[in-house]
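Peer 1: Before anything else, here's the structure in question.
The numbers here are math on the coordinates, done by the rules we state, and not lab data. These numbers come from a predicted model, not from an experiment. Positions of Cβ are generated from backbone atoms using ideal geometry, with glycine treated the same way; all protein chains shown enter the neighbour counts.
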Amino acid sequence: MRPVVWLEDTEAGWQAFRYAWELATLRGAGLVVVCAEELADRVRTQAEATGVAVEVRVSPASEVVVRLLRAAEEEGGEIVVAARRTPTGKVVLGDQVTTVLLNAPGPVVVFKPPRKT
């Protein structure tokens, strides 16, 4: 059961990636990353450095939710997504994260980045 993470090129997205990587490491399992093509090489490079088996599934922005849900169904693992914070520190779930929450075949971890102090 590999975690499936939706990686966006934001600080919160990379923090969620690190969280999912830690889950995979603790389980001795690999990790499935759904991301844009321009992030794929960076993910593979980081994976090689850590020794965790990572499968990268490239997705255009218009299909990321469908591909994320499909990957989670195939893997039987939880989905890890990043929440966003407003300038005042409140957590905001956008339309795509809400769609994932409502349609996921299993658990969804909404990684909430720490507040900036």
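Peer 1: In the neighborhood of Glu38, defined by Cβ-to-Cβ distances under 12 Å, what is the net charge if each Lys or Arg adds +1 and each Asp or Glu adds -1?
Peer 2: Taking every other residue near Glu38 into account, the sum is -3.
Peer 1: Positive end of the dipole of the chain, charges at C-beta (+1 Lys, Arg; -1 Asp, Glu), about the Cα centre: which of Gly89, Val66, Val110 has its Cα farthest in that direction?
Peer 2: Gly89
Peer 1: Under a Cβ-Cβ cut-off of 9 Å, what is the net charge of the residues other than Val91 that fall near it, where Lys and Arg count +1 and Asp and Glu count -1?
Peer 2: +4
Peer 1: Sticking with this one: Mind checking the dipole of the chain: about its Cα centre, +1 per Lys or Arg Cβ, -1 per Asp or Glu Cβ, Debye to the nearest 20?
Peer 2: Working: 14 positive and 15 negative charges, 114 e Å.
Magnitude of the dipole: close to 540 debye.
Peer 1: Relative contact order for the range 1-109: what is it in percent, counting Cα pairs under 8 Å that are at least 6 residues apart?
Peer 2: 31
Peer 1: Next up: What is the sum of charges around Ala104, taking Lys and Arg as +1, Asp and Glu as -1, for the other residues whose C-beta is under 14 Å from the C-beta of Ala104?
Peer 2: Within the 14 Å Cβ shell, the charges total -2.
Peer 1: Say each of Ala83 and Ala61 gets a label point 7 Å from the Cα, pointing the same way as Cα to Cβ; how far apart are those two points in nm?
Peer 2: 2.4
Peer 1: Which distance in Å, rounded to a whole number, links the C-alpha centroids of the range 73-109 and the range 1-72?
Peer 2: Between the Cα centre of the range 73-109 and that of the range 1-72, the gap is 14 Å.
Peer 1: Can you tell me the Rg and Dmax of the range 4-111, counting just the alpha carbons, in angstroms?
Peer 2: Over the range 4-111's Cα set, Rg and Dmax evaluate to 13.1, 38 Å.
Peer 1: If packing is taken as the average number of other Cβ atoms within 10 Å across a peptide's residues, how do 76-88, 42-54 rank, most packed first?
Peer 2: 76-88, 42-54
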